[in-house]
Every structure is written in structure tokens, then in C-alpha cells.
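I am attaching a structure below and will ask some questions about it afterwards.
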Amino acid sequence: MSESMHIGMAGAGLSCAVIARELAERGHRITIHETRPHVAGNCHTERDAGSGVMVHVYGPHIFHTDDEEVWTLVNRYMDFKPYVNRVKATARGQVFSLPINLHTINQFFGKTFSPSEARAFIESQADTTITDPQSFEEQALRFIGRELYEAFFKGYTLKQWEVDPKRLPASILKRLPVRFNYNDNYFAHRFQGMPAEGYTVMVQRMLDHPNIIVHLGSALRPADVGQYDHVFWSGPLDAFYGHAEGRLPYRTLDFERFEGEGDVQGCAVMNYNDVEVPYTRITEHKHFAPWEEHARSVCYREFSRRCGENDIPYYPVHLTEGDQLLQAYQARAAREQGVTFVGRLGTYRYMDMDVTIRAALDAVRAFINARTA
């Protein structure tokens, strides 16, 4: 692939930023069209003028990975400060520690279990008649039992997805650990941190290359694909085809911003598990940069709802009964020549940031190898 190519990209989020940099360093010309007035997609961060707090504009993003290559890559463009995500949850009039750990179990049941006692107790609560959990609810009942499920997951899940947990796949819950020690680190990955100057600056540095041109407030249309030697599309998969098969379902988020003096809630993330509370969580953004000090605070109440035509899509909706609509679009994408679909929206997959970067690296290397061959 020695001959220089002109590559078009839809979107300036993590996926296209990683791919653009890889190709630009190999001598190819990159033109990126980003519909928003900024790069970094939903990872966008900006310094609040009034308080000085670094705000995660589209909700908090915490970097965590076991992938050493991905960790090395992001640190090439940004110094990552140590950060441990310690989530709290309000349920039934009390505040608990998440993920469910030995302290949560002892507090919830009013016990003083040792690790082995807690493990045996939770197993006694579990529904052992479920041998192959298929749904979110079956997964929860099998591994933690009904009481913990209804207190910590059922209400939150109903608010987040607006779907009966019986219809959601078990894989959603499998991402959440249960620990029989007092470790309240939400993630178990080796590498965890926050970018010292925010994600947007990191992505700007990735895109800072003479072979990369970024057009903000500009959309790459499917009709424009022929202008380029190849296109990487990180927009919604169904939008590329003009929603010809129908609209893929997404959840979107609304944020109710409020400010306060000092420390408003004492932690970065407070989940609200009770279904009667309309929001899923409150995030206090100053706590995502604990190395900084600010007199004022910026908080978000987070509400989940069905994504409309003009909303920002956040989470693809997968159900246990399968998805013929998605399969129809995937079949069309597989036949596409000159276009690679990448990212959460382009592949219709929920991916954490590290997985997004790994998928982007794999995609660009597969493209390079194919062109070389």
C-alpha cells in the first residue's frame, strides 16, 4: 500500500481519530467530516468557564483497560492521572457501595459475613434451577438472588432501558462483578485513569498531523463516498442506508445540569436504583479530576429515554429475541465496497473506550493488510 490514498471519514470520535492517525503516518491523506462543532464524539470534555471544572459534556467517561497496547497509545497523546471509579448507590433509603461487594452484602442483610460465609449465603439466595441464563433477569436471579436483584438492578434497569429485564440479554449484567471482599473499585482492569487535560485535547493531538484535515459542522453523506479511495464510517449504520430497512433502536440520555458550592454529593457517581426516582444517577464532575481543586461544583442528573430522530444515540438496544432489522443492515454492510463501518454506531455494538480503540486498530490493520495483499 505504498501509493498514497485519499481517505474520507464520517465522525471525529475515538474510532476515526485512531484510524486517521495510523493512516496519516503512512502517508495517506485524510479528510474527516464531523457534524458537531468539536472532536472526540461523546467523550468530549470542556473546561467550565464559571467553576473551572472539567465537564464530561455527554456524560462521564472513565478509561480502563487490560490492553497494554491501547494504554500505551492513549498515553502517547495525553498524560493519564490515576483514577479509581468508586460508585455509590441509593436504594431503599440507604447508600451502598457498588459493585456489590462484601461491604454491600453485609450492610444490606445486616450481617458480618466473612468472604467464605458471604459466598455461601449468596449461593443459598440464588435460583439454582436456572442452569443457562439467557436474560438479564435470569442472570441476576441465578447469581445473586431476588433480593439483591430487585434492590440494585431491577429498577435501575427498567429506567435505563425501558424494557422488561426478561427481554434484555444476560450479557448486560455479565459486565458487572460481584465481589466477596471489600474491594469497591468498579473496574478490575490493570490500567485505569483520567486524561489530565480531558479527552478532547487528547483527540485533538491524535488528529494534529499535516495529512489530516477536519471539517467541523460538516456531514459526510453516503453519496460522497465515491469522492474518496475509501471511507471509514462511524455514524449510525442505518443512517448510511437512509434507514431503508427501518430505524435501529437506541437509548439516548438527557442531562439536567445544576451547580453548587463545595462538595455536593461527596462522590463522582451516585446511582439511584429505586424505580420511583426518575433519573438513573447523579454525576459530580469535579470528582473525576481529584488532582484539581474547585470551590464550585457542576453536577448532572441523568435521564434515559428512547432515542428520537434528532437525538444523540448512546446505547444500542439488543433484546433476547434477536434482531432481524440489524441482521438486514449487517448483510448490506458486508456487501459494501469501499466502506468500512467502525465504532459503536457503525457496528451497532456497545463498546467501552478501550474496546473501541482496539477495534479501530484491528480495522485499520486489516485494511492495510488487504490493500498490501
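Across region 173-200, which residue is nearest to PRO313 (Cα to Cα) among those that are among the aliphatic types (A, V, I, L, M) and free of Cβ contacts under 8 Å to residues at least 40 places away in the same chain?
Ranking the candidates gives LEU173 first.
Still on this structure, I have one more. Check LEU207 against each of (1) loosely packed, with under 14 Cβ neighbours inside 10 Å; (2) over 30 Å from ARG335 (Cβ atoms) and name the one condition it does not meet.
Result: LEU207 fails condition (1) only.
Same structure, new question: What is the residue count in region 96-140 for residues that are polar (S, T, N, Q) and more than 29 Å from the chain's Cα centre (by Cα)?
The total comes to 10.
Results for (1) within 16 Å of the chain's Cα centre (by Cα); (2) surrounded by fewer than 19 Cβ atoms within 10 Å (Cβ to Cβ); (3) outside the structural domain of GLU34 (by TED's automatic domain parsing); (4) β-branched (Val, Ile, Thr), shown as yes or no for each residue.
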| site | (1), (2), (3), (4) |
| --- | --- |
| PHE152 | no, no, yes, no |
| TYR156 | no, no, yes, no |
| LEU168 | no, no, yes, no |
| ASN183 | no, yes, yes, no |
| MET194 | yes, no, yes, no |
| ILE212 | no, no, no, yes |
| LEU216 | no, yes, no, no |
| ARG221 | no, yes, no, no |
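The values are calculated or read from the model by the stated rules, or taken from the named source; none is laboratory data. Here the structure is a predicted model, which means the values were calculated and not measured. Positions of Cβ are backbone-derived with ideal geometry, glycine not excepted, and every protein chain shown enters the neighbour counts.
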